[in-house]
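Accompanying notes for the structure given below.
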Amino acid sequence: DGGITQSPKYLFRKEGQNVTLSCEQNLNHDAMYWYRQDPGQGLRLIYYSQIVNDFQKGDIAEGYSVSREKKESFPLTVTSAQKNPTAFYLCASSRWGRGGDEQFFGPGTRLTVL
Amino acid sequence: RKEVEQDPGPFNVPEGATVAFNCTYSNSASQSFFWYRQDCRKEPKLLMSVYSSGNEDGRFTAQLNRASQYISLLIRDSKLSDSATYLCVVTGGSNYKLTFGKGTLLTVNP
């Protein structure tokens with residue numbers, strides 16, 4: 001089955017620690033995205049990548065970093081510089097990464113900072 | 001004006017009711033429009049794209065009014081399984097970003 005996987009589903013972190021969230025897709029999509037969702041809020045774009053070895057900051061990139069070394073993978077690192085990291089993190093992909101593409105989402109990772 | 005603004009809801013309707021959601025967007029250069037559905041604590045899933053001529057998929061009808069920068073979603077004959085949050089989504093004119101509304105929660109009651 002083609003799709004997007006994210007791991008882990010739940011993640012707990014102590015303040016001051018960096019943590020990396022995994023996102024893998026086998027849809028052969030060029031573009032991948034990371035969003036953050038807070039209660040009662042819309043999804044906000046953290047980073048996106050339209051092609052391997054290239055990525056762009058979204059609206060709320062501060063305190064986050066990404067890499068895109070393989071087409072299938074787009075891991076997100078939440079660093080200790082992120083002030084309010086507790087949130088629901090969603091990874092998505094789209095076929096070409098151009099305007100108008102529908103995006104497909106993974107099941108998400110819930111990060112809680114203790 | 002917010003980039004994408006939706007009815008705040010929540011909507012509580014009985015089974016079989018017709019319900020309509022509205023959404024306005026601020027970027028007149030926006031090219032593509034979608035409605036996504038998100039179940040509680042799950043990821044968003046595409047419900048339907050919205051085309052200029054309007055489109056229908058079973059009990060769901062989406063319409064776009066570019067002049068008023070407004071899109072709508074109509075659900076007829078509501079089912080219990082329609083209970084979810086409905087997200088209005090708009091792309092920018094020259095970038096690749098999807099902008100999501102905050103969503104409208106629908107609860108269909110037996």
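Take B:Leu46, project a point 7 Å from its Cα along the Cβ direction, then tell me which residues of the range A:70-108 have their backbone nitrogen under 15 Å from it. Correct set: A:92-106.
Here the peptides B:31-37, A:12-18 are ranked by packing, the mean other Cβ count within 10 Å, and the order with the highest first is B:31-37, A:12-18. If you take all other residues with their beta carbon under 13 Å from the beta carbon of A:Ala92, and give Lys and Arg +1 and Asp and Glu -1, the sum is 0. When you restrict to C-alpha pairs under 8 Å that are six or more residues apart and normalise by the size of chain B, the relative contact order lands at 37 percent. Computed about the Cα centre, the dipole magnitude for the range B:42-85 is approximately 60 debye when only Lys and Arg (+1) and Asp and Glu (-1) carry charge, each at its Cβ.
Taking trypsin sites (Lys or Arg not before Pro) across the range A:18-114, the ones in a DSSP loop with at most 13 further Cβ atoms lying within 10 angstrom of their Cβ are A:Lys83.
Under 5 Å from the amide H of B:Leu106 lie the amide H atoms of B:Phe11, B:Ala84, B:Thr85, B:Tyr86, each residue being 5 or more positions distant or on a separate chain, with H modelled from the backbone and absent for Pro and chain starts. Across the range B:66-72, coupling constants 3J(HN,Hα) worked out from phi with the 6.51/-1.76/1.60 Karplus curve, θ = phi - 60°, read 5, 4, 9, 6, 9, 10, 9 Hz, and Gly and Pro carry x. Footprinting exposure proxy ranking of B:Val50, A:Val113, fewest other C-beta atoms within 10 angstrom first, gives A:Val113, B:Val50.
For the range B:1-87, the extents of the C-alpha atoms along the principal axes are 37, 27, 20 Å, listed from largest to smallest. For the range A:11-24, 3J(HN,Hα) computed residue by residue from phi via the Karplus equation (6.51, -1.76, 1.60; θ = phi - 60°) reads 9, 10, 9, 7, 4, x, 9, 7, 9, 10, 9, 8, 9, 10 Hz, glycine and proline entered as x.
The fewest-to-most ranking of B:Met48, A:Met32 by surrounding Cβ atoms within 10 Å reads B:Met48, A:Met32.
If you run the Gaussian network model on chain A, springs between alpha carbon atoms under 10 Å, then out of A:Pro85, A:Pro39, A:Pro75 the most flexible one is A:Pro39. Rounded to the nearest whole Hz, the Karplus-based 3J(HN,Hα) values (6.51 cos²θ - 1.76 cosθ + 1.60, θ = phi - 60°) of the range A:61-68 follow the sequence 6, 4, x, 10, 9, 9, 9, 9, with x at glycine and proline.
Shielding value for B:24-32 is 1, the average number of Cβ atoms from other chains within 10 Å of each residue's Cβ. Database remark: amide H of A:Gln103 closer than 5 angstrom to no amide H (H placed geometrically; neighbours at sequence offset of 5 or more, or on other chains; Pro and chain starts carry no H).
Divided by 2.2 N^0.38 Å, where N counts the residues, the Cα radius of gyration of chain A comes to 0.99.
Mean partner shielding of peptide A:36-48, defined as the number of other chain Cβ atoms within 10 Å of each residue Cβ, is 4.
What residues qualify as long-range amide H neighbours of A:Leu21, i.e. H under 5 Å apart, gap of 5 or more or another chain, H built at 1.01 Å from N? Answer set, sorted by chain and number: A:Leu76, A:Thr77, A:Val78. When only alpha carbons of the protein assembly as shown are considered, Rg and Dmax amount to 17.6, 52 Å.
Read-outs throughout are calculated quantities, based only on the coordinates presented, and are distinct from any laboratory measurement. Small disclaimer: the values here were computed from a predicted structure and weren't measured. Neighbour counts are summed over all protein chains in view; Cβ atoms, including those assigned to glycine, are modelled from backbone coordinates with ideal geometry.
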